[in-house]
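In what follows, a structure is listed as structure tokens, so that the remarks can point back to it.
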Amino acid sequence: MKLVVVSAGLSAPSSTRLLADRLTAATLDHLAAETQVIELRDLATETAQHFVTGFPPARLAAALDAVAAADGLIAVTPVFAGSYSGLFKSFFDVIDKDALTGKPVLLGATGGTARHSLVTEHAMRPLFAYLRALVLPTAVYAASEDWGGDGLAQRIDRAGAELARFMAPARADGTPDVDTAAAIAPRSLTGAITSVDPADGFEVVPFERRLAALRVG
């Protein structure tokens, strides 16, 4: 299994790379995989050359090949002007149009304020949906005030578990080796997705029983 991490941070160190590293660690808690990190700031010149010449220089070609060959992808960008950075978009503009088809992708973004927290939904998710990637349900945005808080750690752990489940190899009969749905949300006794985990001791009342009670009343 190979996990490729694309980080569009501009400084060293950067909060974008820190989030990418934490998402990687959370994924590897649930799955054994070879990892490769691609720092887009190191490929900025090559990416610009590709736009002008139509041919990727060697380092950029190797990075594009690594993304195409990956079993799973973590993509993290800083927020610029309310969206992903130009460097981040440029890299995915030059990737082969079929390279991400069906590939599980975990999205992450960093910014200075919580006001940009929906950037993963209104900007990043449509981009990867256009590329026909399998975008995971949980995306992680980290504002400056989020670092060190339990909420961010929980979201990172949940996202890492989801990516590991979607990357997990199949059994010999072709069925998933793990219950992918269990990584996304707990389910009620009838199989419906619910925000309450029955394992916590709460009674989950089926809708039919609630409806029957209304009719009796």
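The values are calculated or read from the model by the stated rules, or taken from the named source; none is laboratory data. Predicted model only: the values in this text are computed from it and were never measured. Side chains are part of the model used for accessible areas, which takes the heavy atoms of the whole protein and leaves out ligands, DNA and RNA. Shrake-Rupley method; radii C 1.70, N 1.55, O 1.52, S 1.80 Å.
Table for the structure above
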| item | result |
| --- | --- |
| Isotropically averaged projected area of segment 24-141, using the convex hull of Cα atoms (one quarter of hull area), nm² | 7.6 |
| Debye log10 I(q)/I(0) for segment 43-112, one point scatterer per Cα, at q = 0.14, 0.20 Å⁻¹ | -0.46, -0.90 |
| Amide H contacts under 5 Å for Val37, placed H, 5+ residues apart | Val5 |
| Segment 1-99, accessible surface, carbon-and-sulfur percent (1.4 angstrom probe) | 55 |
| Residue-wise HN-Hα coupling along segment 39-47, computed from phi with Karplus coefficients 6.51, -1.76, 1.60 (Hz; x: Gly, Pro) | 8, 5, 5, 6, 10, 4, 5, 4, 5 |
| Leu134 long-range amide H proximity, modeled H, under 5 Å | Gly102, Lys103, Val105 |
| Karplus-derived 3J(HN,Hα), 6.51/-1.76/1.60, for each residue of segment 93-106, Hz, glycine and proline x | 6, 9, 6, 4, 5, 9, 5, 9, 4, x, 8, x, 10, 9 |
| Cα gyration tensor shape of segment 81-171, rounded if a/c is under 1.5, else prolate or oblate by comparing a/b with b/c | oblate |
| Sequence-distant residues sharing a close amide H with Leu31 (under 5 Å, placed H) | none |
| Proximal lysines relative to Lys2, as straight alpha-carbon distance under 18 Å, when same-chain residues fewer than 8 apart are discounted | Lys103 |
| Phi-based couplings in Hz for segment 122-134 (Karplus 6.51, -1.76, 1.60; Gly and Pro marked x) | 8, 10, 6, 4, x, 4, 6, 5, 4, 7, 6, 7, 8 |
| Segment 1-88 shape via C-alpha gyration tensor axes, a/c threshold 1.5 | oblate |
| Segment 22-53-segment 89-139 distance, computed between alpha-carbon centres (Å) | 14 |
